[in-house]
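Since the structure comes first, as structure tokens, the remarks are kept for the end.
The values are calculated or read from the model by the stated rules, or taken from the named source; none is laboratory data. Everything numeric in this text was worked out from a predicted model, so none of it was measured. No Cβ is skipped: glycine too gets one built from the backbone with ideal geometry, and neighbour counts run over all protein chains shown.
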Amino acid sequence: MVSRMLSSVSPQSAVIRAPDWLMIVLSVLAVLYSVMPLVEMRLPNAIEALFALTGLYTLFRYGVGVRWSLPVKLMAAGAVIMVVSWLFMIIDHPELARSGPSLEDLLDKFFFLFIALAIAREEKRGLVFLGIFGLFVILMPWLSGGGVSDIMAGFEGVRAGFGINPIRTGLLFGAVFLGLISFAPRLFMRPRFSMFRFLIWAVVLAFCVAIVVLSQSRTAMVALVPGLVIAFGLFLFLSSVDNRQKLKVSIVVVTGFLVLILVAYLAGLSSLIETRFGEETVVIEQIIDGDLEDIPKTSWGIRVHLLAEGINGFLERPWTGWGYRAGEIILDKDGLRRGDGGVFSQVHNTYLEAALRYGVGGAIILFALFGWAVEGCLKAQKRGDMSLDLAVFLGASLGYLMVASLFDGLLFQTEGVLLFNVLMGVVGSFVLFEEKSVRDKEETVHDYAT
């Protein structure tokens with residue numbers, strides 16, 4: 001009897017019982033939030049605010065059992081940490097403190113909760129959401145840039161950004177590249193192999209590689225290496241196919257990479273990579289030798305100086321931090337300015353920037369969110385709730401974003417926050433629903449026993 005009652009509990013209906021009209025509004029707002037930053041007409045603040053208000057109302061009015069899940073607790077802790085940081089800045093440095101705590105500076109990392117509610121553990125819905133986001137990224141050269149002219153300029157050495165910082169352009173196209181790799185069997189092998197779909201997939205894959213290179217984003221290029229390793233490792237670890245099939249897949253993957261390298265070489269892209277990385281050989285040599293004082297102010301060299309200054313700033317206020325845009329406060333010094341004389345807005349490391357702004361607590365919140373997502377993703381796949389390719393993509397892309405965040409303050413930049421929320425929203429839809437499903441089942445057993 002108990003087992004029959006447990007099996008009758010619907011995980012989806014157990015998590016959220018919001019009216020259909022509200023879920024439709026939330027879903028539309030989730031899509032607008034995700035794609036509007038990728039077009040020339042930027043996201044109006046009113047839409048983002050409406051998404052936040054609608055999401056909070058849905059979460060706390062209808063999200064029975066997930067209202068105080070771990071991410072919600074971390075969001076509340078983040079709000080407290082930011083207020084405390086602001087109060088101590090008022091006390092210690094009133095001339096540097098803002099008129100009020102900038103709660104949006106950390107709370108914008110929790111928009112994924114509202115995306116998770118909109119997806120509602122429906123894998124098909126999550127895949128459609130990721131597909132729409134990926135399509136808008138691919139169309140960025142035309143939606144927010146100069147189209148073919150910008151792409152051709154990239155082949156001539158001009159960094160391709162398409163309306164945003166080239167670093168984040170490379171980051172977004174690198175994530176789409178990982179998606180094309182992870183979902184390859186779904187895209188052209190099911191229900192049977194299609195040469196037409198394979199050719200489209202290959203062209204789009206090559207296009208994404210080209211844009212990553214044309215953006216000259218070494219952050220994306222470096223992070224793609226562990227991202228691909230994680231994707232391949234997750235496939236081997238999680239897949240239930242026999243070793244012979246895994247060997248065949250490995251051969252296909254290696255062959256595909258060799259073909260991509262050959263195409264990149266023939267297209268002249270390899271020279272761009274060699275030039276970008278060759279500029280920093282002196283910096284690497286001096287870091288290895290421990291000679292940090294005389295590191296030249298190249299792209300990587302200035303990052304070393306920014307990190308050193310950021311660490312010193314963190315050690316001055318390790319518990320409460322320097323508040324909103326702490327990087328500007330710490331880096332407003334001669335010798336650390338940009339080429340145009342302006343002050344760098346952040347120390348080019350997400351985790352150090354979080355600690356610099358809000359102390360140790362700020363960094364712990366980011367690590368806790370990443371850890372929660374990775375663990376939840378693996379558990380969802382193990383339960384059979386999440387398809388293998390989706391788990392591979394989410395695990396690899398989260399790892400990719402975590403590594404990339406070591407080289408830029410991505411989670412304090414619009415596009416980095418956007419990618420974070422998109423990925424976390426899909427993962428969260430599975431984790432939050434499972435948490436509530438388990439609670440409902442336990443409550444059902446308890447009520448029946450009583």
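Looking only at region 120-139, decide whether some residue is under 30 Å from Ala326 (Cα atoms) and surrounded by 18 or more Cβ atoms within 10 Å (Cβ to Cβ).
Taking every residue of region 120-139 in turn, none turns out to be under 30 Å from Ala326 (Cα atoms) and surrounded by 18 or more Cβ atoms within 10 Å (Cβ to Cβ).
Could you check Val426 against (1) in contact with a Ser or Thr (Cβ under 6 Å, 6 or more places away or on another chain); (2) touching a residue at least 60 places away in the same chain (Cβ under 8 Å); (3) crowded, with 23+ Cβ neighbours inside 10 Å and say which number it fails?
Only one criterion is unmet by Val426, namely (1).
Only one of Tyr33, Tyr62 is among the aromatic types (Phe, Trp, Tyr), touching a residue at least 40 places away in the same chain (Cβ under 8 Å) and within 30 Å of Leu139 (Cβ to Cβ). Can you tell me which? Walk me through it before giving the result.
Working: Tyr62 fails: within 30 Å of Leu139 (Cβ to Cβ).
After applying the criteria, what remains is Tyr33.
If we keep just the residues of region 41-64 that are part of a loop (DSSP other than H, G, I, E, B) and not β-branched (Val, Ile, Thr), which is surrounded by the fewest Cβ atoms within 10 Å (Cβ to Cβ)?
Per the stated criteria, the residue is Met41.
Please go through region 201-218 and pick out each residue that is within 12 Å of Asp408 (Cα to Cα) and either buried (at least 23 other Cβ atoms within 10 Å of the Cβ) or modelled with pLDDT of 90 or more (or both).
Ser217
Within the set of pairs 6 or more residues apart or between chains, which connect a residue that is acidic (Asp, Glu) inside region 113-142 to a residue that is outside any helix (DSSP H, G or I) and modelled with pLDDT under 95 with Cβ atoms less than 8 Å apart?
Glu123/Asp385; Glu123/Met386; Glu123/Ser387
Among the candidates Leu178, Leu143, Leu171, single out the residue that is more than 14 Å from the chain's Cα centre (by Cα) and not aromatic (Phe, Trp, Tyr).
Leu143
Only one of these conditions is not met by Glu353: (1) of a type in the set (Asp, Glu); (2) closer than 30 Å to Phe433 by Cα; (3) in contact with a Leu (Cβ under 9 Å, 6 or more places away or on another chain). Which number is it?
(2)
Say whether the condition of being closer than 21 Å to Asn165 by Cα, small (Gly, Ala, Ser), in a helix (DSSP H, G or I) and out of contact with any strand residue (DSSP E or B) (no Cβ under 7 Å at 6 or more places or on another chain) is met by at least one residue in region 220-241.
Within region 220-241, one or more residues are closer than 21 Å to Asn165 by Cα, small (Gly, Ala, Ser), in a helix (DSSP H, G or I) and out of contact with any strand residue (DSSP E or B) (no Cβ under 7 Å at 6 or more places or on another chain).
Any residue in region 370-390 that is within 22 Å of Leu106 (Cα to Cα), in contact (Cβ under 8 Å) with a residue 60 or more places away in the chain and surrounded by 17 or more Cβ atoms within 10 Å (Cβ to Cβ)?
yes
Check Lys248 against each of (1) at pLDDT 70 or above; (2) over 21 Å from Phe198 (Cβ atoms) and name the one condition it does not meet.
Every listed condition holds for Lys248 apart from (2).
Filtering region 149-181 down to residues that are without any contact (Cβ under 8 Å) to a residue 24 or more places away in the chain and either closer than 17 Å to Phe393 by Cα or of a type in the set (Gly, Ala, Ser) (or both), which residue is surrounded by the fewest Cβ atoms within 10 Å (Cβ to Cβ)?
Going through the qualifying residues, I end up with Ser149.
Looking only at region 179-201, which residues are under 15 Å from Leu127 (Cβ atoms) and part of a helix (DSSP H, G or I)?
Gly179, Leu180, Ser182, Ala184, Pro185, Arg186, Leu187
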